[in-house]
Amino acid sequence: MMLFLMAAVPALCGVGCLFHSWKSARKHGRSLVIYGWLLLLLSLLSWIQLAGAEYGVVFALLFPAFLAWLMIVFQRRKGRRKTSAPRTVQPMPAPSWQGIGRNIARFLWLFAGLGVAMLLVSVALVMQFPFAANLNLASALLLFPLLWAATVCWFLSSRNPWKVSLLSTVAALVSSLWLLV
C-alpha cells in the first residue's frame with residue numbers, strides 16, 4: 001500500500017503540474033512543466049519498484065493518462081457553470097489548388113523523403129557498432145522510427161523547414177556515401 005501511494009501521489013502531482021502549466025502558461029508554466037515531468041519520472045521509478053519493470057512501465061503510462069482524463073472531465077464540469085456570449089462562426093475559406101499541391105508535396109516529403117533519409121542515417125550509424133550483424137539490424141529497427149519521428153517533428157515545428165530538409169538530405173547523402181565506401 002505504501003509503494004502504491006509512493007507511485008500514485010507523485011503521478012497525481014505531476015499530472016496536476018502539467019495540467020496547470022497548460023492552463024496558466026504565462027505565470028509559472030516552464031517550471032511547472034519541469035516539476036511535472038520530474039514527478040512523473042519519480043512515479044515511474046516507484047511503479048517499477050512496486051510491480052516490476054514490465055508492469056511498472058505500463059502502470060506509469062496508464063495511470064497519469066487516466067488522471068489527466070479525470071482532470072479534464074472535472075474541469076469541463078466546472079466550466080459549464082459559466083455562461084458566455086455566443087460566438088459568431090466564420091465560414092472556412094475554400095482550399096486552393098496551390099495549397100492542396102503544397103500539402104501533398106509536404107506529406108510525400110515527410111513520409112517518403114525523410115523516411116528514406118533517416119533509414120540511411122540509422123543504418124550507417126548502426127554499422128559502426130561493434131556488435132554482430134543481427135544485433136546491428138535490431139538496433140537499426142529501433143533507431144529508425146525514433147530518428148524519423150524526431151526529424152518530422154523538427155520539420156513541422158521549425159520556422160525554416162528548408163533548413164531541416166537540407167540538413168536531412170546532406171545527412172542522407174553522407175550516410176549513403178559511408179555505406180557505399
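Odds and ends about this structure:
- If the segment from SER158 to LEU3 were pulled out straight at 0.36 nm per residue, it would be longer than the present Cα-Cα gap by 51.6 nm.
- Charged side chains reduced to their Cβ positions (Lys and Arg at +1, Asp and Glu at -1) give the chain a dipole of some 1360 debye around its Cα centre.
- For a label point 7 Å along the Cα-to-beta-carbon line of THR169, residues of the stretch 105-123 with backbone N under 16 Å: 105-118
- Taking the helices alone, the chain has a mean residue ellipticity at 222 nm of -28000 deg cm²/dmol, built from -39,500 (n - 2.57) per DSSP H run of at least 4 residues and averaged over all its residues.
- In the stretch 1-37, the trypsin sites (Lys or Arg not before Pro) that fall in loop regions by DSSP, at most 11 other Cβ within 10 Å: ARG26, LYS27
- Taken along its principal axes, the alpha carbon cloud of the stretch 109-180 reaches lengths of 41, 22, 17 Å, longest axis first.
- Each Cα pair under 8 Å and six or more residues apart adds its separation to the average, and for the stretch 8-76 the resulting relative contact order is 34 percent.
- Relative contact order computed over the chain (Cα-Cα under 8 Å; 6+ residues apart), in percent: 16
- Among (i) 1.31; (ii) 1.22; (iii) 1.10, the entry derived from the coordinates for Rg/Rh (Cα atoms, Kirkwood Rh): (iii)
- From the alpha carbon centroid of the stretch 119-177 to that of the stretch 19-80 is 31 Å.
- Put a dot 7 Å past the Cα of LEU135, heading toward its Cβ, do the same for TRP97, and the two dots end up 5.7 nm apart.
- Within the stretch 1-34, backbone nitrogen closer than 13 Å to the virtual label 7 Å beyond the Cα of ARG76 toward Cβ: none
Here, each number is a calculation from the coordinates, and none is a lab measurement. Since this is a predicted model, take the numbers as computed values, not measurements. Quick reminder, even Gly has a Cβ in these numbers, built from the backbone with ideal geometry, and neighbours come from all protein chains shown.
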